[in-house]
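One structure below.
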Amino acid sequence: MKKDKGKEKEPARKPKYGTAYCMKWLITRMWQWDRSLVWSSAALLPLSVILYWIGLYTPSIILDSLQTNENFNEIALIITALLCATLLLNLAQSLISELRRQAEQRNAHRFHWELIKTHLQADYFLNYDTEYLKLDDRAGQVLGQRADGSPGRFVIRFFDMAANVLCFVLFGSVISTLSPWVLLLLVAGSLITMIPRRYQQDRDHEERDQRNANSRKMHYLSWRLASEPRAAKDIRLYGFTAFLDDKIRTVIHEHIRLLRHQQNNRSLSSYVSFGVGFLRDACAYLFLIRQAVHGNLSSAEFVLYFNAIARLSSFIDGIVQYIGSAHEAALGTSDCIAYLDENHNRMNHAEGIPIPKGHPLSIEFRHVSYQYPRGEQPVLQDISFRIAAGENISLVGLNGAGKTTLAKLMCGLLLPDEGEILIDGHPLGEYNRDQLYTLFSMVPQSYTILPTTIAENVAFRDRSEIDEARLWRCLEKAGIADKIHALPRGIDSPVDKQYDADAVNFSGGEMQKLLLARAIYRDACILILDEPTAALDAIAEDRMYQSYRELTDSTTSVFISHRLASTRFCDRIYLLDGARLAESGTHDELMALGGRYRELFDIQSKYYKEGGDSHDEK
């Protein structure tokens, strides 16, 4: 029986950047943003060493003073001096630690913002790139709002490990006067514990993608579907509760399995570390007790060495732990560097050719083919056509024919697998990406409404920068001005009700009119309307058809629809069918051709009234 290829174990994923490079990258970033994390961590280093040194010698000094000094005042003075020094140093350590904690939070917020900014600035097509989405998840796990840990902790661990190394040298030198073999025993025992710990961390890193994928499913099923009003409506009307319950149970069981596997690896590492550490410390203490029993050590020396062994074991364990955590943090930080610093974009983010302004532009497709990364077959194949400047064309076809994909390619949101696209005679790549986007106004099928006012949602700029007279003209052209005039706060009414309880609720048709007003306000050279009448009533749809020429007077326009009868007002019609451009021409030419367009039009026309250009649905 052949092994299921989908179940084959993926090769172990190694970090791209080493620990030293990751540390340098983090310190450089934090030095630029908030230096207090670096200097506070550095300041705690000598304080910690001094406090440990005082803690090591204080018991033996006090015991030796009690045994050898009969002057009570002198003993009291020694004890008081040691306690005061400890108190002052602890106060300073607490103050600096609090400053460091606050600096870590500030850096964590800054990294979270860098994550958001990088995500927003990335090329749109990366949303379909599986490997990029995995990297986005990994970086979000380190830098995001719900991250496992702040990147600042990597820096903190580095300085804490440095303190442990200095203390190891200090305490190790004390123990070496007892016996170098005891020191070697403590070091060797701690180094052995690194092996299972490193194994556990590598397994965690390899399985992170599986846990991230499972977490995405849990979030989608338990939160997005439950909280999204549109999904909640369907769940209740169609009785999806039991179905979703089974789906959620399956995902939760997988989540538990992954966590259990992770915990088993960690438990194994902990058991081995505990066993080795117990044997290590037991042997060291037995040697110390034997020396004391044979009279080779005084009481003060016994206390000193006993304290040193106990402390040294913790320092060695700390060094091992910090090395392990630094390795683990470097794995995550390596992903963050790859996400934030590496260029995953393919559009031109550098200076491009001047952007044409103030006149319609031509659009040309030359042998363009495109297939989504996880798609089974091409959505568009060998598409070639040219739209003249100022021409109004209609892009029609059945659902799934690739109309929206073609519009995204036209805007530069997606990049073709083959061929090229030209705007005003120049390939898209010659323009700066962000400047290229200013050439387009688009009313998409899926849209975004920001949790702010109507005015700012239409103009996409701060309220103080909005031309109010122009805004109202756009709302009037879109047929939504009367609705907004009737609102108590007018164009300053908030829109998103989940964000603001006093927000306005718009119907689907009203929302499409608002999106049309947004596209008109932008006043771009190219206007793309993707199923703009899908949610409009017959009267509003007819009004839009009648005003279409006025809306597109100074633009090149692309009207996308699956309703063939709604495109007769355009200069030319392109029919997409089977991933290819099947036919093109005016409505009359295509009807006379008697091909696929005529066939689809005759089928649809059964549901329209006879006569009239608007062809309102019965």
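The residue that is nearest to Tyr305 (Cα to Cα), counting only those in segment 181-240 that are hydroxyl-bearing (Ser, Thr, Tyr) and at pLDDT below 70, is Ser222. With respect to the conditions (1) over 23 Å from Thr405 (Cα atoms); (2) modelled with pLDDT of 70 or more; (3) of a type outside the set (Lys, Arg), Gly611 falls short on a single one, namely (2).
Taking residues in segment 559-578 that are under 16 Å from Met591 (Cβ atoms) and modelled with pLDDT under 85, and partners anywhere that are assigned to a loop (DSSP other than H, G, I, E, B) and open to solvent by 10 Å² or more (accessible area, probe 1.4 Å), the pairs with Cβ atoms closer than 6 Å and at least 6 places apart or on different chains are Ala565/His615.
Which of the residues spanning segment 393-421 are part of a strand (DSSP E or B) and either of a type in the set (D, E, K, R) or open to solvent by less than 10 Å² (accessible area, probe 1.4 Å) (or both)? Write out each step before concluding.
Just the residues of segment 393-421 that are part of a strand (DSSP E or B), to begin with: 393-396, 418-421.
Those that are part of a strand (DSSP E or B) and either of a type in the set (D, E, K, R) or open to solvent by less than 10 Å² (accessible area, probe 1.4 Å) (or both): Ile393, Ser394, Leu395, Val396, Glu418, Glu420, Ile421.
Of the residues that make up segment 277-284, is at least one within 24 Å of Ile61 (Cβ to Cβ) and either surrounded by 17 or more Cβ atoms within 10 Å (Cβ to Cβ) or in contact (Cβ under 8 Å) with a residue 24 or more places away in the chain (or both)? Among the residues of segment 277-284, at least one is within 24 Å of Ile61 (Cβ to Cβ) and either surrounded by 17 or more Cβ atoms within 10 Å (Cβ to Cβ) or in contact (Cβ under 8 Å) with a residue 24 or more places away in the chain (or both), which makes the answer yes.
What's the number of the condition Ser566 fails, among (1) open to solvent by less than 10 Å² (accessible area, probe 1.4 Å); (2) under 27 Å from Arg366 (Cα atoms); (3) touching a helix residue (DSSP H, G or I) at 6+ places or on another chain (Cβ under 9 Å)? Here Ser566 clears every test but (2).
Does segment 37-47 contain at least one residue that is at pLDDT below 85 and open to solvent by less than 50 Å² (accessible area, probe 1.4 Å)? There is no residue in segment 37-47 that is at pLDDT below 85 and open to solvent by less than 50 Å² (accessible area, probe 1.4 Å). Of all residues in segment 72-91, one or more are free of Cβ contacts under 8 Å to residues at least 40 places away in the same chain, of a type in the set (Phe, Trp, Tyr) and either surrounded by fewer than 16 Cβ atoms within 10 Å (Cβ to Cβ) or part of a helix (DSSP H, G or I) (or both). Screening the candidates Arg100, Arg110, Arg153, Arg106 for the property of being more than 30 Å from Arg374 (Cβ to Cβ) and either outside any helix (DSSP H, G or I) or touching a Ser or Thr at 6+ places or on another chain (Cβ under 6 Å) (or both) yields one hit, Arg100. Mind checking whether some residue in segment 361-368 is within 33 Å of the chain's Cα centre (by Cα) and open to solvent by 40 Å² or more (accessible area, probe 1.4 Å)? The answer is no; no qualifying residue exists. Checked against the criterion of being outside any helix (DSSP H, G or I), within 31 Å of the chain's Cα centre (by Cα) and among the basic types (Lys, Arg), segment 515-522 has no qualifying residue.
Could you tell me which of the residues Leu436, Leu475 is under 22 Å from Ala389 (Cα atoms), at pLDDT 90 or above, of a type outside the set (Gly, Ala, Ser) and outside any loop (DSSP other than H, G, I, E, B)?
Working: Leu475 fails: under 22 Å from Ala389 (Cα atoms).
Checking each option against the conditions leaves just Leu436.
Applying the condition of being open to solvent by 70 Å² or more (accessible area, probe 1.4 Å) and in a loop (DSSP other than H, G, I, E, B) to segment 451-472 and asking which residue is farthest from Ile528 (Cα to Cα) yields Asp462.
Restricting segment 3-24 to residues that are modelled with pLDDT of 80 or more and assigned to a loop (DSSP other than H, G, I, E, B), the residue that is surrounded by the most Cβ atoms within 10 Å (Cβ to Cβ) is Tyr17. Selection over segment 92-121 of residues that are among the aliphatic types (A, V, I, L, M), in contact with a Phe, Trp or Tyr (Cβ under 8 Å, 6 or more places away or on another chain) and open to solvent by 40 Å² or more (accessible area, probe 1.4 Å) gives a count of 0.
Within segment 358-383, residues that are in contact (Cβ under 8 Å) with a residue 24 or more places away in the chain and in a loop (DSSP other than H, G, I, E, B) sit with their Cβ atoms under 8 Å from residues that are of a type in the set (A, V, I, L, M) and open to solvent by 20 Å² or more (accessible area, probe 1.4 Å), at 6+ positions apart or across chains, in these pairs: His359/Ala389; Pro360/Ala389; Leu361/Ala389; Ser362/Ala388; Ser362/Ala389; Gln371/Val379; Tyr372/Val379.
If I go through segment 372-387 residue by residue, how many of them are out of contact with any strand residue (DSSP E or B) (no Cβ under 8 Å at 6 or more places or on another chain) and open to solvent by 40 Å² or more (accessible area, probe 1.4 Å)?
If we filter segment 372-387 for residues that are out of contact with any strand residue (DSSP E or B) (no Cβ under 8 Å at 6 or more places or on another chain), which is where we start, we get 372-377.
In the following step, the residues that additionally are open to solvent by 40 Å² or more (accessible area, probe 1.4 Å) were identified as 372-374, 376-377.
Final tally of qualifying residues: 5.
Of all the listed residues (Gly277, Gly332), the sole one being under 30 Å from Thr130 (Cβ atoms), assigned to a helix (DSSP H, G or I) and touching a Gly at 6+ places or on another chain (Cβ under 9 Å) is Gly332.
Here Pro59 fulfils each of the conditions (1) over 30 Å from Gly332 (Cβ atoms); (2) at pLDDT 85 or above apart from (2). Looking only at segment 493-520, filter to residues that are open to solvent by less than 60 Å² (accessible area, probe 1.4 Å) and of a type in the set (D, E, K, R); which one of those is modelled with the highest pLDDT? Within segment 493-520, the match that is modelled with the highest pLDDT is Arg518.
The values are calculated or read from the model by the stated rules, or taken from the named source; none is laboratory data. These figures come from a predicted structure and were not determined experimentally. Note that we place each Cβ from the backbone using ideal geometry, even for glycine, and neighbour counts take in every protein chain shown. The area values use the complete protein model at the heavy-atom level, side chains included, leaving out ligands, DNA and RNA. Shrake-Rupley method; radii C 1.70, N 1.55, O 1.52, S 1.80 Å.
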